[in-house]
1. Scan the stretch 187-201 and tell me whether some residue there is modelled with pLDDT of 95 or more and in a helix (DSSP H, G or I).
2. Of all residues being in contact (Cβ under 8 Å) with a residue 60 or more places away in the chain and over 18 Å from the mean Cα position of the chain (by Cα) in the stretch 100-113, which is nearest to the ligand (Cβ to nearest atom)? Just the residue, please.
3. On the basis of being of a type in the set (Lys, Arg) and touching a strand residue (DSSP E or B) at 6+ places or on another chain (Cβ under 6 Å), does ARG12 make the cut?
4. Looking at the stretch 157-183 only, could you name the residues that are more than 20 Å from SER249 (Cβ to Cβ) and buried (at least 24 other Cβ atoms within 10 Å of the Cβ)?
5. Scan the stretch 13-38 for residues that are assigned to a strand (DSSP E or B) and either surrounded by fewer than 17 Cβ atoms within 10 Å (Cβ to Cβ) or without any contact (Cβ under 8 Å) to a residue 40 or more places away in the chain (or both) and jot them down.
6. Out of the stretch 27-37, which residues are touching a strand residue (DSSP E or B) at 6+ places or on another chain (Cβ under 9 Å), under 29 Å from SER203 (Cβ atoms) and not acidic (Asp, Glu)?
7. All but one of (1) in contact (Cβ under 8 Å) with a residue 40 or more places away in the chain; (2) within 16 Å of the ligand (Cβ to nearest atom); (3) within 27 Å of ASP17 (Cα to Cα); (4) not hydrophobic (A, V, I, L, M, F, W, C) hold for PRO83; state the number of the condition that does not hold.
8. Among (1) touching a residue at least 60 places away in the same chain (Cβ under 8 Å); (2) surrounded by fewer than 17 Cβ atoms within 10 Å (Cβ to Cβ), where does LYS74 come up short?
Amino acid sequence: MRAVMNTNNGIRAIDTDEPDGTGVRLSVASAGICGTDVNFAATGVTGFIYGHEFAGVADDGQAYFVEPTIYGGKCEECRNGNPQRCTEPGHGNLGIYSNGGMAETVVVPEYTLLALPAQLDVKTACLVEPGAVAWHAVRRAQVQPGERVLVVGGGSIGLLAAAAAQHRGFDVDVDTRHGHQLAAAERLGFDQPSGAYDVVIDSAGSESSLVRSADAARPGGRIVSLGVYQNMMPIPGTLSLIKELSYVSSIAYGQHDGVREVEEVAFMLAEKPEIAQTIITHRYRLKDAQEAFRVAADRRSGAIKVVIEP
Ligand SMILES: [Zn+2]
């Protein structure tokens, strides 16, 4: 079969062995390119099939999203619905230092599967993964009725965070500075920032976005950080101090009250098809993975979410 790997010549769709092992076999229908994948490609991370945002169809015709967290299920974190914090050996993620979904075929553990609502196209369902990252950030913020939310950054995670907050009934604006992202935010009904916010979700993950977030937060406000900082996180000191800002970390997604966050997001995407129609800007066949990654890495391309269709 063909699959996307990082090679000595960069990202390529290459011939590789069919997956084996125990689990459920899916024909992959869609796999999104994440900023993490682009960073992996740029820094030469290699040795596994890329892709942790993917959905496919089983041999019996049922369409599934794959929740890519691999966890033990026995530790306290798993038992409390936080598999993203699993402390057991073997905890990890499909597509991150282990084989993922940018392939014609995958075999995945049954517990990762989420049967799709009938209204959600499997070619769109790869968006459930970044959607759940965003959904979880809104939950982590513990937004209360009447509170104002600002999302800083208009990439796929930012727009999905705004969509999640809006879907849950909150007043939300988006602070974005790139023309195509601004157009997407407007299309989804989000205004530009004005005034102060109770909660700021920083989806851009840079020093300047943290400053913008702290500036926009009201005194006593909360900032949810969705950025990945390799070393230190450059929080603006004096501004955070005089406003007494709280910083909340958020990674991946889990379950609460017996409900999987990925399931809540699948229903949101099914109910509001304009979210995926706006955020998925480019689609490529698997053999064109090299071009797909080039476009995903190029801000001038107008790309928000690039999807590979094996
Ligand atoms: Zn665990």
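The values are calculated or read from the model by the stated rules, or taken from the named source; none is laboratory data. Owing to the predicted nature of the structure, the values given are computational and were not obtained by experimental measurement. Cβ placement follows ideal geometry from the backbone for every residue including glycine, while neighbour counts extend to all protein chains displayed.
1. Taking every residue of the stretch 187-201 in turn, at least one turns out to be modelled with pLDDT of 95 or more and in a helix (DSSP H, G or I).
2. My answer is PRO109.
3. Considered against the rule, which asks whether it is of a type in the set (Lys, Arg) and touching a strand residue (DSSP E or B) at 6+ places or on another chain (Cβ under 6 Å), ARG12 comes out as no.
4. LEU159, ALA163, VAL172, VAL174, ASP175, THR176
5. If the condition is that a residue be assigned to a strand (DSSP E or B) and either surrounded by fewer than 17 Cβ atoms within 10 Å (Cβ to Cβ) or without any contact (Cβ under 8 Å) to a residue 40 or more places away in the chain (or both), then ILE14, ASP15, ARG25, SER27 are the ones that fit.
6. Within the stretch 27-37, VAL28, ALA29, SER30, ALA31, GLY32, ILE33, CYS34, THR36 meet the criteria.
7. Every listed condition holds for PRO83 apart from (3).
8. Evaluating LYS74 over (1) touching a residue at least 60 places away in the same chain (Cβ under 8 Å); (2) surrounded by fewer than 17 Cβ atoms within 10 Å (Cβ to Cβ) leaves (1) as the failure.
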